[in-house]
Amino acid sequence: MHIQFAELPVFDQDRAKAFYTDNLACHVIADQSMGDGGWRWVELAFPYAVTNLHFIKRADAAPSAEPVLVLVDDDVEARVASFKAKGVEIVTEPQEAPWQPGRTVAEFRDSEGNRMVLASR
């Protein structure tokens with residue numbers, strides 16, 4: 001069994017789509033109208049991943065207080081440096097995970113203010 005979708009609460013679908021395609025090399029699987037309200041079914045895929053992202057509508061622009069997604073990366077420090085170069089907000093710098101010695105973690109915010117964890121394998 002695997003997870004088909006990870007749903008992310010977003011306020012601006014175009015801004016979120018640009019963030020994930022530009023910063024995390026996601027590619028667009030679907031971007032189609034969902035009726036009269038202007039909201040679309042936007043589905044993105046991470047390269048070499050089983051889980052796809054689907055954006056769900058958030059009532060307002062208030063960012064999430066807690067992390068909503070954990071991304072695993074082979075080189076957390078390099079990814080954080082890449083994010084910084086692109087102006088991505090880093091919440092916590094890479095550091096050893098207090099719950100798992102030897103594992104590096106960092107936190108950042110996406111374009112919608114969602115707090116994310118970036119962790120080494």
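Read-outs throughout are calculated quantities, based only on the coordinates presented, and are distinct from any laboratory measurement. This is a predicted model, so every value here is computed, not measured. Neighbour counts are summed over all protein chains in view; Cβ atoms, including those assigned to glycine, are modelled from backbone coordinates with ideal geometry.
For the pair R40 and W99, the difference between a 0.36 nm per residue extended length and the Cα-Cα distance amounts to 17.4 nm. Phi-derived couplings, Karplus 6.51 cos²θ - 1.76 cosθ + 1.60 at θ = phi - 60°, listed residue by residue for region 54-68: 10, 8, 10, 6, 9, 5, 8, 8, 5, x, 6, 7, 10, x, 10 Hz, with x used for Gly and Pro. In this calculation the C-beta distance from A65 to S33 is compared with R0 = 22 Å, giving a FRET efficiency of 0.10. Expressed in units of 2.2 N^0.38 Å, where N is the residue count, the Cα radius of gyration of the chain is 1.08. Placing +1 on each Lys and Arg Cβ and -1 on each Asp and Glu Cβ, with no other charges, gives region 21-113 a dipole about its Cα centre of roughly 140 debye. The label point for T21 and the one for A85, both projected 7 Å from the Cα toward the Cβ, are 2.1 nm apart.
Multiply the residue gap between T51 and D75 by 0.36 nm, knock off their C-alpha separation, and tell me the result in nm, one decimal place. If you can, show how the numbers build up before the last one.
Details: separation 24, 0.36 × 24 = 8.64 nm, distance 1.97 nm.
Extra length from T51 to D75 when fully extended: 6.7 nm.
Considering only D12, D73, D36, the Gaussian network model of the chain with Cα springs below 10 Å gives its largest mean-square fluctuation to D36. Against the chain, whose longest principal axis comes from its Cα atoms, helix 76-85 is set at around 60 degrees. Highest mobility in the GNM of the chain, judged by mean-square fluctuation with C-alpha springs under 10 Å and restricted to G87, G38, G102, is found for G38. Put simply, the amide H of A6, placed in the peptide plane, has neighbours under 5 Å in N52, L53, H54, leaving out anything fewer than 5 places away on its chain. Helix 13-24 and the longest principal axis of the C-alpha atoms of the chain enclose an angle of approximately 30°.
Only helices enter this figure: runs of n ≥ 4 DSSP H residues, each worth -39500 (n - 2.57), summed and divided by the residues of the chain, yield -5500 deg cm²/dmol at 222 nm to the nearest 500. When the chain is treated as a GNM with alpha-carbon contacts under 10 Å, the residue of Q95, Q13, Q32 showing the greatest mean-square fluctuation is Q32. At the listed q of 0.23, 0.26, 0.31 Å⁻¹, the Debye profile of region 62-108, built from one uniform point per Cα, gives log10 I(q)/I(0) equal to -0.91, -1.09, -1.29.
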